[in-house]
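The values are calculated or read from the model by the stated rules, or taken from the named source; none is laboratory data. Remember, predicted model here, so these are calculated numbers, not experimental data. Positions of Cβ are backbone-derived with ideal geometry, glycine not excepted, and every protein chain shown enters the neighbour counts.
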Amino acid sequence: MALSGEDPLTLFVALLKSEGRRGVLGLDCGQGTDGLRFVQAGIHFTGVDQSEENIHAARARGLEASVAAAGSLPFADSAFPSVWAVDALAGLPPEEWDDVVRELGRVAAPGAPIAVVLPEADLPDAFTVFRSPA
């Protein structure tokens, strides 16, 4: 399902709430700006980022966050009820996208919504929500 609009995070939070999902993995969480918005909306947030500096800043904001690469996440299979990965593919060469998307599907619960931006999408502000395998 492709979604676009002024605020993709608000749309994704609405989707999570409509499905009763109370947690999200935030991939490439940066310093935690999106994470704080999830928490303010009542969604438990776990963030990962490759930058130790970003993780330090996210933790300073009270968020649960750890250093990890998108292609090798330190979590069990099906650990998260949803995944917010809108920045995960940006800057990666296209040949790595499949591996990252596969890893997101691995850590997401069966049928979990996973939000990503496809860098070559026709609409620059559009993001796609797909479901992890059941």
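See the values below:
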{"read-out": "Filtered residue count, region 42-86, keeping only those that are surrounded by fewer than 18 Cβ atoms within 10 Å (Cβ to Cβ), in a loop (DSSP other than H, G, I, E, B) and of a type outside the set (A, V, I, L, M)", "value": "10"}
{"read-out": "Residue that is nearest to S82 (Cα to Cα), among those in region 11-57 that are of a type in the set (G, A, S) and over 14 Å from the mean Cα position of the chain (by Cα)", "value": "G20"}
{"read-out": "From the options A90, A65, A85, residue that is farther than 19 Å from S132 by Cβ, at pLDDT 90 or above and hydrophobic (A, V, I, L, M, F, W, C)", "value": "A65"}
{"read-out": "Unmet requirement for G42, which otherwise passes all of (1) farther than 18 Å from A88 by Cβ; (2) touching a Leu at 6+ places or on another chain (Cβ under 9 Å)", "value": "(2)"}
{"read-out": "Residue in region 100-112 that is at pLDDT 95 or above and more than 14 Å from the chain's Cα centre (by Cα) present", "value": "yes"}
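Residues checked against (1) among the polar types (S, T, N, Q); (2) closer than 14 Å to L16 by Cβ:
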site: A41; (1), (2): no, yes
site: Q50; (1), (2): yes, no
site: V67; (1), (2): no, no
site: A76; (1), (2): no, no
site: P93; (1), (2): no, no
site: L104; (1), (2): no, no
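Residue-wise test of (1) among the polar types (S, T, N, Q); (2) closer than 21 Å to F130 by Cβ; (3) without any contact (Cβ under 8 Å) to a residue 40 or more places away in the chain.
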residue	(1), (2), (3)
L9	no, yes, no
S18	yes, yes, yes
L27	no, yes, no
E53	no, no, yes
